[in-house]
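Trainee: Below are the structure tokens for one structure; questions will follow.
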Amino acid sequence: MNSLYRTMLFVPGNAPAKLTKAEIYGADCVIFDLEDAVSVQEKDAARDLVRTFLSTYHLDCRVGIRVNAQDTPYYEEDVKAMVPLKPDFLRLPKSETAKNMQDLDVFMSQCEKEAGIPEGTVKIVATIETALGVQNAFEIATASKRILGIGLGAEDFRTDMRMTRSEDGQEILYARNRISLAAHAAGVMPLDYVYSNFKNTEGFTADVRFGKMLGFTCKSVIHPSQIPLVHAVYDPTEKEIEHAKQVLVVYDQAMAKGSGVIALNGKMIDMPMVTRAKAVLAYAKASGKEI
Ligand code: COA
Ligand code: MG
């Protein structure tokens, strides 16, 4: 298993065929959904199915579970049933305040204790999908040691904000920026939103590229066809790898001469670029590329 978290594939928790095949598509993480993809009539059945599946199979990728929101009658049962399965994280929808996260943290500690597993084993991903949640993004990201990442739930956010929906997501730019900033400031993973029109591969790729520019390092996806498109955008190209290597070589030469700055192909190279070059090489290595 690589150490990257580039793609999180949503899999409806009530769909046995999708559940059993979810890991074969190469996502870094699969996330079994008990919330919006599951109708009210199937909530209990989906929880049972995911529990049976995860108690029987060990998946060769990271595993998350999206539980129902705290103001629903399913939340407690979901958390109680899922924590003992030791998924990597629970993903909480409608995360609006630090208190939401602290309440979940306390409840998870209790479930871990009852299951006899070390406290803090299961992490939390917060989905922010309301105006209040975006306003509180940093407080949410720093509310608990368990927070692994925060992401935007774009469709619910648009509804809460009474936004008009555009294909390229202009209306959610501020929320994306704010969530990326809050995540980086808190040192947790910034997760980019779900692009639901999965047949539009060009629009999707442009959207992933734009998200990467904003600092996102992980994209939530809903269809297997979106996975390689995300990896292709996030993974460094051969050209970027070559450039990163050159940056390190010329910088070492500069340092040997007692200088902290040097030019490469007509552009100045200094410490921030060296740090980025090292990050590019580390990422390429983690994604399995020869460097
Ligand atoms: N997880 C696992 N497998 C998936 C999948 C997913 N999210 N989406 C599609 N597949 C599988 C299908 O089962 C099918 O497999 P098969 O060829 O072996 O039968 C294959 O990929 C091709 O699927 P396709 O026919 O193109 O799509 P579909 O009509 O079966 O499904 C969706 C379309 C949108 C219903 C489906 O992609 C999906 O359920 N996505 C996740 C939805 C979700 O969880 N939403 C909540 C979070 S926003
Ligand atoms: Mg929703």
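The values are calculated or read from the model by the stated rules, or taken from the named source; none is laboratory data. Remember, it's a predicted structure, so these values are computed and weren't measured experimentally. Ideal geometry is used to build each Cβ from the backbone, glycine not excepted, and the neighbour counts take in all protein chains shown. The accessibility values were calculated without ligands, DNA or RNA, using every heavy atom of the protein model including side chains. Shrake-Rupley method; radii C 1.70, N 1.55, O 1.52, S 1.80 Å.
Trainee: Which is under 19 Å from Met8 (Cβ atoms), open to solvent by less than 70 Å² (accessible area, probe 1.4 Å), outside any loop (DSSP other than H, G, I, E, B) and among the small types (Gly, Ala, Ser), of Ala182, Ala206? Break it down into steps so the answer makes sense when it comes.
Mentor: Values: Ala206 fails: under 19 Å from Met8 (Cβ atoms).
Result: Ala182 is the single residue among Ala182, Ala206 that is under 19 Å from Met8 (Cβ atoms), open to solvent by less than 70 Å² (accessible area, probe 1.4 Å), outside any loop (DSSP other than H, G, I, E, B) and among the small types (Gly, Ala, Ser).
Trainee: Assigned by TED's automatic domain parsing to the domain that holds Ala182 and in contact with a strand residue (DSSP E or B) (Cβ under 8 Å, 6 or more places away or on another chain): is that true of Asp48 in this structure? It would help to see each step written out before you state the result.
Mentor: On the way: assigned by TED's automatic domain parsing to the domain that holds Ala182: yes; in contact with a strand residue (DSSP E or B) (Cβ under 8 Å, 6 or more places away or on another chain): no.
In short, no.
Trainee: It is to be established whether one or more residues within region 243-263 are assigned to a helix (DSSP H, G or I), within 21 Å of Gly211 (Cβ to Cβ) and open to solvent by 80 Å² or more (accessible area, probe 1.4 Å). Give the steps one after another, and end with the answer.
Mentor: Within region 243-263, the subset assigned to a helix (DSSP H, G or I) is 243-256.
Filter again for within 21 Å of Gly211 (Cβ to Cβ), leaving none.
No, region 243-263 contains no residue that is assigned to a helix (DSSP H, G or I), within 21 Å of Gly211 (Cβ to Cβ) and open to solvent by 80 Å² or more (accessible area, probe 1.4 Å).
Trainee: Sticking with this structure for a sec: Taking the conditions exactly as written (in a helix (DSSP H, G or I) and touching a residue at least 12 places away in the same chain (Cβ under 8 Å)), does Asp105 satisfy them or not?
Mentor: On the way: in a helix (DSSP H, G or I): yes; touching a residue at least 12 places away in the same chain (Cβ under 8 Å): yes.
The answer is yes for Asp105.
Trainee: Considering only region 118-149, how many residues are open to solvent by less than 80 Å² (accessible area, probe 1.4 Å), among the hydrophobic types (A, V, I, L, M, F, W, C) and either more than 16 Å from ligand 1 (Cβ to nearest atom) or part of a helix (DSSP H, G or I) (or both)?
Mentor: Going through region 118-149, the residues open to solvent by less than 80 Å² (accessible area, probe 1.4 Å) turn out to be 120-131, 133-134, 136-137, 140-144, 146-149.
After this cut, where a residue has to be among the hydrophobic types (A, V, I, L, M, F, W, C) as well, the list is 122, 124-126, 128, 131, 134, 137, 140-141, 143, 147-148.
After this cut, where a residue has to be either more than 16 Å from ligand 1 (Cβ to nearest atom) or part of a helix (DSSP H, G or I) (or both) as well, the list is 122, 124, 131, 134, 137, 140-141, 143, 147-148.
So the answer is 10.
Trainee: Let me ask you something else. Can you spot a residue in region 17-40 that is closer than 30 Å to Met161 by Cα, assigned by TED's automatic domain parsing to the domain that holds Glu139 and in a helix (DSSP H, G or I)?
Mentor: Initial filter on region 17-40 (closer than 30 Å to Met161 by Cα): 29-40.
Restricting the remaining residues to those that are assigned by TED's automatic domain parsing to the domain that holds Glu139 gives 29-40.
From the residues that got through so far, the ones that are in a helix (DSSP H, G or I) too are 40.
There is at least one residue in region 17-40 that is closer than 30 Å to Met161 by Cα, assigned by TED's automatic domain parsing to the domain that holds Glu139 and in a helix (DSSP H, G or I).
Trainee: Can you tell me which of Val50, Val106 is open to solvent by less than 60 Å² (accessible area, probe 1.4 Å) and either at pLDDT 95 or above or not β-branched (Val, Ile, Thr) (or both)?
Mentor: Working: Val106 fails: open to solvent by less than 60 Å² (accessible area, probe 1.4 Å).
None of the other options fit; the residue is Val50.
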